[in-house]
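See below for the structure under consideration.
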Amino acid sequence: MALNAESIPMRWPAGPLDIARGEKTKGFTADTAEVLRNWQDPASLAVVQGTPINCLVVSWAADAGQQQALKPLIEKGKQAGLEFVGLIEGEANKPAAAAAAQSAGLSAVAMEGDAPASGGVPVIPWNTAAQVRSTANSPVLGVADGVWPGVPQERTPTGGPTNLPWVDSNGAVLLIARALAPDKTVWVGFAPPQPAKLAAEAYMLAVADPASYGARWVISLDDQLRADLTAKKQPAADTWKKAIDMLAFFEQHKEFRTYQPNGLLAVMSNFAGPDRDLGEEALNLLPRLRQAFRVIARSRVAGASLTGLQAIFYVDREAPDAALRKKLMAFATGGGILFVRSNWPNPEDRQRRPNRIFSSTCVPWAKAAWRYVRKISRTHTTRWRTFRTS
């Protein structure tokens with residue numbers, strides 16, 4: 001079965017490779033090892049029977065022991081209509097692992113870095129958010145370093161009379177990934193915080209957070225939930241059902257993934273190299289204005305429409321090429337507001353107006369937007385200029 005945009009993934013740790021890796025981590029127990037052995041048994045597939053999940057992501061390598069251990073699971077799963085993706089991590093021999101994946105009947109492999117020249121199976125680029133490979137020949141783009149959504153558990157939440165507690169979300173990195181590769185389905189990987197035993201609502205949020213941005217979480221369960229599902233404990237079954245119900249809701253509304261933001265402000269960047277952090281920080285902070293915004297990748301700007309925008313936040317240090325400069329200046333000439341770095345050449349030698357451009361004639365949100373631009377610039381020691389020619 002070929003990997004496609006409708007593949008709904010779940011991380012499926014099982015076999016000697018995962019056990020060997022687990023033994024090197026703190027808190028790994030004999031009970032956890034036994035669960036990993038149980039999950040290589042084809043009978044364990046009952047966990048996903050009757051759910052929307054149709055793709056299992058297993059640990060893979062050029063390791064005969066792991067391949068042999070997973071062979072019955074893969075054969076049974078394929079008979080049930082499941083796809084399998086082999087996740088190749090660490091210092092594994094990638095060409096050999098990819099070749100073994102083809103022989104084993106896997107639909108694809110996922111790996112960091114460049115794909116082997118002749119792997120024989122599709123390769124999902126599985127990199128950190130800062131190194132996404134948007135041009136890879138795969139229907140799926142992977143983001144390997146997502147965060148567990150919600151109020152961070154490792155530190156005390158802080159807030160104030162006029163502010164909200166910080167809440168972790170994958171929104172910014174997913175908006176960037178989708179802007180860079182609008183023709184691909186984005187998968188994001190993140191594991192539950194250990195050793196916490198999570199409530200059902202935490203798993204529901206973990207499903208909803210990426211889905212709200214048109215992406216898919218590679219579902220991953222904590223050790224205790226996996227053990228309790230293996231033991232067929234009712235509380236675990238109830239938690240799993242709520243998570244699956246949330247997943248089913250978004251699958252019943254696939255049109256959500258086609259929705260595009262319709263904000264008055266656009267953040268424009270190549271989202272790479274030294275500009276990556278500032279662009280991501282802008283996308284993390286701007287939602288606190290409670291105003292919608294668009295994300296435009298510079299690599300895709302030729303086909304992007306600026307209709308309906310009232311301001312553009314141009315993040316990058318590098319000045320645009322002639323074609324983009326012309327497009328941006330046409331936007332400013334038509335009454336738009338352009339935020340650029342202070343070392344950006346004065347477009348067309350026009351006089352720039354200082355910060356006072358946000359007068360009573362400007363839209364109210366622009367004043368708040370400029371305050372956030374200044375706040376971000378203080379964080380990243382960057383100065384900004386504004387251009388408005390009307």
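Looking at Pro195, is it modelled with pLDDT under 95, within 20 Å of Val147 (Cβ to Cβ) and of a type outside the set (A, V, I, L, M, F, W, C)?
So Pro195 fits the description; yes.
Does the stretch 28-39 include one or more residues that are touching a strand residue (DSSP E or B) at 6+ places or on another chain (Cβ under 8 Å) and acidic (Asp, Glu)?
No, the stretch 28-39 contains no residue that is touching a strand residue (DSSP E or B) at 6+ places or on another chain (Cβ under 8 Å) and acidic (Asp, Glu).
Out of everything in the stretch 25-41 that is under 16 Å from Pro195 (Cα atoms) and of a type in the set (S, T, N, Q), what residue ends up being farthest from the chain's Cα centre (by Cα)?
Once the filter is applied, the top-ranked residue is Thr29.
Give the residue that is farthest from Gly15 (Cα to Cα), with candidates limited to residues of the stretch 34-52 that are surrounded by fewer than 19 Cβ atoms within 10 Å (Cβ to Cβ) and in contact with a Pro (Cβ under 8 Å, 6 or more places away or on another chain).
Pro42
Do you know which residues across the stretch 202-226 are in contact with a Ser or Thr (Cβ under 7 Å, 6 or more places away or on another chain) and assigned to a helix (DSSP H, G or I)?
Within the stretch 202-226, Tyr203, Asp209, Asp223, Leu225 meet the criteria.
Considering only the stretch 203-262, state which residues are surrounded by 14 or more Cβ atoms within 10 Å (Cβ to Cβ), of a type in the set (S, T, N, Q) and within 18 Å of Ala5 (Cβ to Cβ).
Result: Ser212, single match.
List every residue pair whose Cβ atoms lie under 7 Å apart, where the two residues are 6 or more positions apart in sequence or sit on different chains, the first residue falls within the stretch 9-33 and is crowded, with 18+ Cβ neighbours inside 10 Å, and the second residue, located anywhere, is of a type in the set (Phe, Trp, Tyr).
Short answer, once both residue conditions are applied: Pro9/Trp187; Trp12/Trp39; Pro13/Trp39; Ala14/Trp39.
Scan the stretch 84-103 for residues that are more than 19 Å from Asp145 (Cβ to Cβ), at pLDDT below 95 and touching a strand residue (DSSP E or B) at 6+ places or on another chain (Cβ under 8 Å) and jot them down. Walk me through it before giving the result.
Applying the first criterion (more than 19 Å from Asp145 (Cβ to Cβ)) to the stretch 84-103 yields 84, 86, 93-103.
Imposing the further condition that a residue be at pLDDT below 95 reduces the set to 93-103.
Selection gives Lys94, Ala97, Ala98, Ala100, Ala101.
Each row is one residue, and each column tells you yes or no for (1) assigned to a loop (DSSP other than H, G, I, E, B); (2) over 18 Å from Thr230 (Cβ atoms).
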{"residue": "Gly27", "(1), (2)": "yes, yes"}
{"residue": "Gln40", "(1), (2)": "yes, no"}
{"residue": "Ala43", "(1), (2)": "no, no"}
{"residue": "Ala46", "(1), (2)": "no, no"}
{"residue": "Gln49", "(1), (2)": "yes, no"}
{"residue": "Glu75", "(1), (2)": "no, yes"}
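Return yes when Ser299 is assigned to a helix (DSSP H, G or I), among the polar types (S, T, N, Q) and not assigned by TED's automatic domain parsing to the domain that holds Trp187 and no when it is not. If you could, list the steps in order and put the result at the bottom.
Details: assigned to a helix (DSSP H, G or I): yes; among the polar types (S, T, N, Q): yes; not assigned by TED's automatic domain parsing to the domain that holds Trp187: yes.
Spelling it out, Ser299 is indeed assigned to a helix (DSSP H, G or I), among the polar types (S, T, N, Q) and not assigned by TED's automatic domain parsing to the domain that holds Trp187.
Have a look at Trp187, Trp240, Trp166 and point out the one that is in contact with a Ser or Thr (Cβ under 8 Å, 6 or more places away or on another chain) and of a type in the set (Phe, Trp, Tyr).
None of the others qualify; the one that does is Trp166.
Take Gly81 and decide whether it is assigned to a loop (DSSP other than H, G, I, E, B), farther than 24 Å from Ala231 by Cβ, in contact (Cβ under 8 Å) with a residue 12 or more places away in the chain and within 27 Å of the chain's Cα centre (by Cα).
Yes, satisfied.
Looking only at the stretch 316-361, filter to residues that are in a helix (DSSP H, G or I) and modelled with pLDDT under 65; which one of those is surrounded by the most Cβ atoms within 10 Å (Cβ to Cβ)?
Among residues in the stretch 316-361 that are in a helix (DSSP H, G or I) and modelled with pLDDT under 65, the one surrounded by the most Cβ atoms within 10 Å (Cβ to Cβ) is Pro347.
The values are calculated or read from the model by the stated rules, or taken from the named source; none is laboratory data. In this text the structure is predicted, and so the values were computed from the model without any measurement. We place every Cβ from the backbone using ideal geometry, glycine too, and count neighbours over all the protein chains shown.
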